[in-house]
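Here is the structure we will look at, set down as structure tokens.
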Amino acid sequence: MSALKIKKGSSKHSAYNLRPQFSDEVESHTLAVIVDNEPGVLARVIGLFSGRGYNIDSLTVAEVDHTGHMSRITIVTTGTPQVIEQIKAQLGRIVPVHEVHDLTAEGRSVERELALLKVQGSGDKRVEALRLADIFRASVVDSTLDSFVFELTGTPEKIDAFADLMRPLGLNEIARTGVAALPRGRLEDS
């Protein structure tokens, strides 16, 4: 009887274990959750995240169907692929949840955020703030003798970059809406 030898450097994994192995790398995912627009639904969704120690990087909620009383919750969260799968599965089990879409995994999506930034300064700093706002296509929505409030819409990275440039020029306050996102392309018929 001959013994089977494994070549040095070859894989010791079974050929029958065809399940893909998840990575331990932390990823950011944008989830779109369609829910009934009724009291307590948002609290249940947030409770799922807080109860299991999942972080929410961004959260937006709005009614999207007035006649059907449906709302869309857009959540940006981070985790390993296993954690993201677990979040999606647990969200899908909440009773008023109708759909859970992982926009990051399902393909390309359009993500936008709105920010208001208050910048205080005078002289050259004021001129530089206006010049940078023009480059970023930020609008001046309020102006006093010593400050501006800029409105900027774009990707979260664009807003972060603008805020970083405004800090040395007198960025005093910032308010952000959180990410709103939709998948690109046309909807497939079911």
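Computed extension length for residue 94-residue 164: 21.3 nm, one decimal, from 0.36 nm per residue of separation with the Cα-Cα distance subtracted.
Among (i) 1, 7, 16, 19, 19, 14, 11, 7, 3, 2, 0, 0; (ii) 1, 6, 12, 14, 12, 11, 10, 10, 8, 5, 3, 2, 2, 1, 1, 0, 0, 0, 0; (iii) 1, 8, 16, 19, 20, 15, 8, 4, 3, 3, 2, 1, 1, 0, find the value of P(r) over Cα pairs in 5 Å bins from 0, in percent that was calculated from the structure presented, and write down its label. Correct label is (ii). Restriction of the GluC sites (Glu not before Pro) in segment 128-190 to DSSP coil positions whose beta-carbon has at most 14 other beta-carbons within 10 angstrom yields 188.
Amide H to amide H, with H built 1.01 Å from N, residue 104 comes under 5 Å of 30, counting only residues 5 or more places away or on other chains.
For the chain, the longest principal axis of the Cα atoms and the long axis of helix 156-166 meet at an angle of about 40 degrees. Our note on the geometry: Cα centres of segment 24-48 and segment 76-117, 7 Å apart.
Can you pull a Stokes-Einstein diffusion coefficient for segment 109-182 at 20 °C (1.002 mPa s), Rh from Kirkwood over Cα pairs, as a whole number of µm²/s? Don't skip to the end; give the middle numbers.
On the way: Rh = 12.2 Å.
D, rounded to a whole number, is 175 µm²/s.
Dividing the helix sum by the residues of the chain, where each DSSP H run of 4 or more adds -39500 (n - 2.57), gives a mean residue ellipticity at 222 nm of -8000 deg cm²/dmol. Within segment 28-113, the GluC sites (Glu not before Pro) that combine a DSSP coil assignment with at most 13 other C-beta atoms in a 10 angstrom radius are 106.
You can think of it this way: the chain between residue 44 and residue 70 has 7.8 nm of extra reach, that is 0.36 nm per residue less the Cα-Cα gap. Angle of helix 81-92 to the longest C-alpha principal axis of the chain, folded into 0 to 90 degrees and rounded to 10: 80°.
All of the numbers you see were taken from the coordinates with simple rules; none came from a lab. Not measured: the values here are computed from a predicted model. Positions of Cβ are backbone-derived with ideal geometry, glycine not excepted, and every protein chain shown enters the neighbour counts.
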